[in-house]
Amino acid sequence: HSESTIGDHVTIGIQVTIGRGVVVGRYTVIESHAHIGDGVSIGPRTQIGRGALVEQDAVVGTRVTIGSRVVIGAGAEIGKRVQVAAEAVVGAQARIGVNARVTNRARVPTRRLVARNRSFAEQ
């Protein structure tokens, strides 16, 4: 979208939608069929998987890996170096601390805090 800011050396796959006011940091990869909502901020060197949905006003830190078909809820905050495995769901306004890991198909409830350096596997 013309009101968004895309950093240098960003790779965007086919059929990706990017909302208004989005900021994408340099060296980020957004794989095909992903949707990035309005007002989302994505840090540098981040990987957004195929078919992922990042809802409005979410903040995704630096060097984050978001797997295929992941949903990041509106207003969620994902810290630096976090890994969110395929098909996981991070609820609206949830906060995932630095170096945390969300396992495959896990469901992080709305407004939940996952502490830094921890793994979240609850389903």
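The values are calculated or read from the model by the stated rules, or taken from the named source; none is laboratory data. The structure displayed is predicted, hence computed values, not measured ones. Heads up, the Cβs are rebuilt from the backbone with ideal geometry, glycines too, and the neighbour counts pull from every protein chain shown. Protein only, heavy atoms only, side chains kept; ligands, DNA and RNA dropped before computing areas. Shrake-Rupley method; radii C 1.70, N 1.55, O 1.52, S 1.80 Å.
In segment 1-86, Cα pairs under 8 Å separated by at least six residues give a relative contact order of 21 percent. What net charge is computed for the residues neighbouring residue 9, neighbours being all others with C-beta under 10 Å from the C-beta of residue 9, Lys and Arg scored +1, Asp and Glu -1? Result for the local shell: +1. For segment 58-74, putting each phi into the Karplus relation 6.51 cos²θ - 1.76 cosθ + 1.60 with θ = phi - 60° gives couplings of 6, 10, 10, x, 6, 6, 8, 10, 10, x, 5, 6, 7, 10, 10, x, 4 Hz, in residue order, rounded to whole numbers and with x for Gly and Pro. The residues packed around residue 63, meaning those with a beta-carbon under 9 Å from its beta-carbon, carry a net charge of +3 if Lys and Arg are +1 and Asp and Glu are -1. When +1 charges are put on Lys and Arg Cβ atoms and -1 charges on Asp and Glu Cβ atoms, the dipole computed for the chain relative to its Cα centre reaches about 560 debye. May I ask you to give the percent of accessible area on the chain that is carbon plus sulfur, with a probe radius of 1.4 Å? Carbon plus sulfur share of accessible area: 44 percent. What's the whole-number percent of alpha carbon pairs in segment 45-123 lying beyond 20 angstrom? When every Cα pair of segment 45-123 is considered, 11 percent fall beyond 20 Å.
Its Cα gyration tensor gives segment 8-73 an equivalent ellipsoid; the semi-axes, largest first and in whole Å, are 14, 13, 11. Projecting the Cα atoms of 46, 56, 30 onto the charge dipole of the chain, computed from C-beta unit charges around the Cα centre, puts 46 farthest toward the positive end. Sorted from greatest to least, the principal axis extents spanned by the alpha carbons of segment 1-110 come out as 33, 23, 20 Å.
Calculate the FRET efficiency for residue 99 and residue 17 from the Cβ-Cβ distance with a Förster distance of 30 Å, rounded to the nearest 0.05. Efficiency, from the Cβ-Cβ distance: 0.50.
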